[in-house]
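The values are calculated or read from the model by the stated rules, or taken from the named source; none is laboratory data. Remember, predicted model here, so these are calculated numbers, not experimental data. Reconstructed Cβ throughout: ideal geometry from the backbone, glycine too, with neighbour counts over all protein chains shown. Ligands, DNA and RNA are stripped out before the accessible areas are found, and what is left, the full protein with its side chains, is counted by its heavy atoms. Shrake-Rupley method; radii C 1.70, N 1.55, O 1.52, S 1.80 Å.
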Amino acid sequence: MPPRTMQERNEYAALFSGSLDAALSRHAADRILHFFFFCFYVEITCDYLAIYNVCILPKDAISPHATHQVDKGVRNKAMEKLDVYSSAPANLTVTGHGSMDAAHTNNLGLTDPFVRACEKYAISDQLLGRLYTCCENFCSNTTLLPQSINLGPDKVVDQVHRDMYNEIFSMSSKKPRITEGKVCHYLNHASNLLQEMAIKKVEKNVLAETAGYYIAGINSVVHKIVEIVGDEADLVVSAINTHIKSNRLVDALDYVASPKMQQRVHESPTRFRQPGYNSASVAPAVSPDTDVDMGPW
C-alpha cells in the first residue's frame, strides 16, 4: 500500500481520557457515525463530480484501508502497556499507557482517481473543495487508544466497515443507501464479530470485556444515525442546489431515508421533493473568483 497522507494533530484539540468502558463506548459510537457520514459524503461528492463529466462510482472512490491519518501513536518504554489480563478492566484508564496507537475512527480511505479529480476541480470550485474536505476529515480522524485495543476490538470494527461499504455500494444496492435497515445491519454485524472476538480472546480478560463496551456504544446512537446524517444531507443538498443553479436538483432523500424528511415531503411535496439530479444537464455555475454562499452548511 502507498504511504498514508499524514497530518499533525491540532495542538489545541482535546485529548479524551476516562475509564476504559466509558471511553471505548464513546469511541464505538463515534465510529458508526464516522462511517455513515463518510459514505454520504463520498457518494454525494461522486455525484457532484459528474458536473465535470467525471464518472467515479462510490465503491471505486473508497479504499478498504486508511489512506489519510491525523496524529500518530506513542511508544514509551518507561511506561507499562495496558494490562490485558486485568480482572477489573472497567477500572483501567484508556490513556497513559506505554504503547498507544492513533486508531482510525473510520479506517476506510480514498482512492487516487477520486482524490486527483477532487483536487483538480476544487481549485476553481469552492463547494467541491468543501465536499472533498469532509471526505478527507471523515477518513483521517483518529483517537489515541492502547495498541492492544487497536489490534483487538478496533480491528474487528475495521472489518465491519469494509464489509458494510461493499454492501451499501454494491451493484444491486439502490438509493437511498443510508437507511434504518443498513444501520441495524451494521449493529448486528458488529455485535456478531465482536462477540466472536470475545470468545477467542477469553484468556485476555480485558479484550474479551471490550466487546460489550463497543456494542453498548453502537447501541447508544444507532437509533439516531439516520436522523443525524439526514439533517446533514439536508444542509449539504441545499448548498449544492443553490450553487449549481439548475432545474436539475439534488434530493436529500436520494442519500438518506430520513423519516423526518419523508414527513416534510408528505406535507409539502412541491417544496421538498425536487426533480432527480441529471449530471449531463448541469454545468458549473460559479466562477473561480466568486464566493459561494453555503448557508448554514
- Note on the structure: Picked from the range 80-111 (must be open to solvent by 70 Å² or more (accessible area, probe 1.4 Å) and touching a residue at least 40 places away in the same chain (Cβ under 8 Å)), the residue farthest from the chain's Cα centre (by Cα) is Ser87
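Yes/no per residue for (1) open to solvent by less than 10 Å² (accessible area, probe 1.4 Å); (2) at pLDDT below 95; (3) of a type in the set (D, E, K, R):
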| position | (1), (2), (3) |
| --- | --- |
| Leu20 | yes, no, no |
| His27 | yes, no, no |
| Asp30 | no, no, yes |
| Phe35 | yes, no, no |
| Cys39 | yes, no, no |
| Ile62 | yes, no, no |
| Thr67 | no, no, no |
| Gly73 | no, yes, no |
- Message: Of everything in the range 142-176, what is touching a strand residue (DSSP E or B) at 6+ places or on another chain (Cβ under 8 Å) and either assigned to a helix (DSSP H, G or I) or more than 23 Å from Arg75 (Cα to Cα) (or both)? Give them in sequence order.
- Response: Gln147, Ser148, Ile149, Asn150, Asp154, Asp158, Tyr165, Ile168, Phe169, Pro176
- Message: Against the condition outside any loop (DSSP other than H, G, I, E, B), out of contact with any helix residue (DSSP H, G or I) (no Cβ under 8 Å at 6 or more places or on another chain) and within 19 Å of Lys224 (Cα to Cα), how does Asn192 come out, does it pass?
- Response: no
- Task: Could you grab me the full set of residues in the range 58-99 that are under 30 Å from Phe36 (Cα atoms) and among the basic types (Lys, Arg)?
- Result: Lys59, Lys72
- Message: List the residue pairs whose Cβ atoms are under 8 Å apart, where the first residue sits in the range 226-246 and is on the phi > 0 side of the Ramachandran plot, the second is surrounded by fewer than 18 Cβ atoms within 10 Å (Cβ to Cβ) and among the charged types (D, E, K, R), and the two are 6 or more positions apart or on different chains.
- Response: none
- Task: Evaluate the following for Leu151: is it open to solvent by less than 30 Å² (accessible area, probe 1.4 Å), over 30 Å from Leu57 (Cα atoms) and over 18 Å from the mean Cα position of the chain (by Cα)?
- Result: no
- Task: Scan (1) modelled with pLDDT under 95; (2) open to solvent by 30 Å² or more (accessible area, probe 1.4 Å) for the single condition Ala50 breaks and write down its number.
- Result: (2)
- Message: I need a count of the residues in the range 163-185 that are open to solvent by 50 Å² or more (accessible area, probe 1.4 Å) and in contact (Cβ under 8 Å) with a residue 24 or more places away in the chain.
- Response: 5
- With respect to Lys77, is the statement that it is touching a strand residue (DSSP E or B) at 6+ places or on another chain (Cβ under 7 Å), in a loop (DSSP other than H, G, I, E, B) and open to solvent by 10 Å² or more (accessible area, probe 1.4 Å) true? no
- Note on the structure: Within the range 112-129, the residues that are buried (at least 20 other Cβ atoms within 10 Å of the Cβ) and either part of a helix (DSSP H, G or I) or in contact with a Phe, Trp or Tyr (Cβ under 8 Å, 6 or more places away or on another chain) (or both) are Phe114, Ala117, Cys118, Leu127, Leu128
